[in-house]
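Chemist: Pasting a structure below so you can have a look.
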Amino acid sequence: MPDDAVLRSAMPLAAARPAAPLSGAITVPGDKSISHRALMLGALAVGRTEIRGLLEGEDVLATAAALRAMGADITRQADGHWQVDGVGLGGLAEPANVIDLGNSGTAARLLLGILATHPFTAFVSGDASLRSRPMRRVIDPLSRFGAHFLCREGGRLPLAVTGAADPVPQIYRLPVPSAQVKSAVLLAGLNTPGETTVIEPQPTRDHTERMLGHFGARVRIDPDSDGGRRITVEGYPELIAAPITVPGDPSSAAFPLVAALIVPGSDVTIANVGLNPTRAGLIASLREMGADITLQKQRTEGGEPVADLHVRAGSLKGADIPPERAPSMIDEYPILAVAAACAKGRTVMRGLAELRVKESDRLAAIATGLAACGVRVDVQGDDLIVEGSGNFPAGGARVATQLDHRIAMAFLVLGLAANQPVAIDDSRPIATSFPDFVPLMSRLGAQFTQEGCQEG
């Protein structure tokens, strides 16, 4: 539970149905996953990496600060692009102070992969939410390289990691699909002799593999005998600085996208959205529900597929979302559940165990928030079942976000289509991934207010 100081500094916010449809063209912030990786690999490369479109949310800024603390020169230029002067693979230095990664699970898990094969000791921590999240899933495979970890019960932050002086290459089969664990092991393998291989049972987002190749690493992807994939990286490559243009984050685009679908009459274009096939599950699911989404100006930038999304409101219907789609849309289930609440009929989202260990227990937070807004919802095992009424949910609730940015934004979007305003208890976490969410949505015609957000 949040402490008294957190409660006193909370910034509640409410969303109400706008008087007119949402309309306009917008660009969402840069992809968070790609931004983290661009900074990390730029820091490990030789030379200067120029990054355009970097997400300047708190999570990514925490990654930049951590890499600066270990010797990389990272600066923001006057025109908004970023420069990273790398130290070369194996060139990071022991940080003088504790590395604070704020709310970012991606930064924590990927950075632990890098630290696991650098022979010095680092101390890593984060905010209350990050300190509650399990790190054992990366600690176990990284320990096999020879790294030593000292951590709290359950493998939680804060922790100390001493990287292996003589790391041993690994072949590691992921027990569950996880791009973060896969990436942590591959990043550890960079500073390890020989070949390191990760076997994943089903494809997860592949930004790390794509970007490793962009920086000159040798990466091989082969089919596995069990139907999955084997991703192999050769150790000790010479990573060479390379320019990167970060596309718009599909996880951030999801919020204005769904808002445009559920506010009647809306017509919105979202420009420059990354459409990596391992991240496209939300669009596939919404289209199955009848969403009017058109891809325009499809192109490739920096090795990533990109397009403009033209979205128009219309009637949605319930759908059965299969478990194998979860890795390609794991961050989008909160907003998909909002779409389901406004659809006609039952939507079943299957195989959502991973949601229980996100910034909050997202499965519980979604169900509790929807129920408070008058939506019929049930959790059966790892499945979420939403009974949409085909019209506007009741709303009128004050939703506890559990310091989770995606829960906060999802329920504000629900408020735009509800009969009564929907309030969230704290809007501050939104800054971790989408600092311009409120002004951007307001430009489309959304209405937010701090009135009526306090409990009586």
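Chemist: Tell me which residues, restricted to the stretch 396-418, are assigned to a strand (DSSP E or B) and either crowded, with 24+ Cβ neighbours inside 10 Å or without any contact (Cβ under 8 Å) to a residue 60 or more places away in the chain (or both). Write out each step before concluding.
Modeler: At the first step, the residues of the stretch 396-418 found to be assigned to a strand (DSSP E or B) are 398-399.
Answer for the stretch 396-418, where residues must be assigned to a strand (DSSP E or B) and either crowded, with 24+ Cβ neighbours inside 10 Å or without any contact (Cβ under 8 Å) to a residue 60 or more places away in the chain (or both): just 399.
Chemist: Consider the stretch 174-212. How many of its residues are among the polar types (S, T, N, Q) and either assigned to a helix (DSSP H, G or I) or closer than 15 Å to residue 137 by Cα (or both)? Don't jump to the end; show me each part of the working.
Modeler: Kept after step one, since they are among the polar types (S, T, N, Q), are these residues of the stretch 174-212: 178, 180, 183, 191-192, 196-197, 202, 204, 208.
Now narrow it down to the ones that are either assigned to a helix (DSSP H, G or I) or closer than 15 Å to residue 137 by Cα (or both): 178, 180, 183, 208.
Summing the residues that are among the polar types (S, T, N, Q) and either assigned to a helix (DSSP H, G or I) or closer than 15 Å to residue 137 by Cα (or both) in the stretch 174-212 gives 4.
Chemist: Next up: Considering each of 328, 315, 360 in turn, give the residue that is surrounded by fewer than 17 Cβ atoms within 10 Å (Cβ to Cβ) and polar (S, T, N, Q).
Modeler: Working: 328 fails: surrounded by fewer than 17 Cβ atoms within 10 Å (Cβ to Cβ); 360 fails: surrounded by fewer than 17 Cβ atoms within 10 Å (Cβ to Cβ).
Answer to the check: 315.
Chemist: Also, I was wondering about something else. Exactly one condition in (1) out of contact with any Ser or Thr (no Cβ under 8 Å at 6 or more places or on another chain); (2) touching a residue at least 24 places away in the same chain (Cβ under 8 Å); (3) within 30 Å of residue 307 (Cα to Cα); (4) polar (S, T, N, Q) is not met by residue 77; state its number.
Modeler: (2)
Chemist: Could you tell me how many of the residues in the stretch 157-176 are surrounded by fewer than 19 Cβ atoms within 10 Å (Cβ to Cβ), modelled with pLDDT of 95 or more and either of a type in the set (Val, Ile, Thr) or farther than 24 Å from residue 203 by Cβ (or both)?
Modeler: 7
Chemist: When residue 269 is evaluated against the numbered criteria (1) polar (S, T, N, Q); (2) modelled with pLDDT under 95; (3) out of contact with any helix residue (DSSP H, G or I) (no Cβ under 8 Å at 6 or more places or on another chain), which criterion, by number, is the only one it fails?
Modeler: Looking at each condition in turn, residue 269 falls short on (2).
Chemist: A follow-up question, please. Going through the stretch 117-138 one residue at a time, which ones are of a type in the set (S, T, N, Q) and modelled with pLDDT under 95?
Modeler: Residues satisfying the conditions are 129, 132.
Chemist: Something else now. Might you let me know whether the stretch 276-296 holds any residue that is at pLDDT below 95 and among the aliphatic types (A, V, I, L, M)?
Modeler: Yes, because at least one residue in the stretch 276-296 is at pLDDT below 95 and among the aliphatic types (A, V, I, L, M).
Chemist: Another question, if that's okay. Identify the single condition in (1) out of contact with any Lys or Arg (no Cβ under 6 Å at 6 or more places or on another chain); (2) modelled with pLDDT of 95 or more; (3) closer than 23 Å to residue 38 by Cα that residue 106 does not satisfy, given that it satisfies every other one.
Modeler: (2)
Chemist: Continuing with this model, one more query. Does residue 435 meet the test of being crowded, with 24+ Cβ neighbours inside 10 Å and not aliphatic (A, V, I, L, M)?
Modeler: When the stated conditions are applied, residue 435 does not pass them.
Chemist: Mind telling me which of the residues 421, 393 ends up being over 22 Å from residue 360 (Cβ atoms), in contact with a Gly (Cβ under 6 Å, 6 or more places away or on another chain) and surrounded by 17 or more Cβ atoms within 10 Å (Cβ to Cβ)?
Modeler: 421
The values are calculated or read from the model by the stated rules, or taken from the named source; none is laboratory data. Bear in mind that the values here come from a model prediction, so they are computed numbers and not experimental data. In this analysis, Cβ positions are derived from the backbone assuming ideal geometry, glycine residues included, and neighbour counts consider all displayed protein chains.
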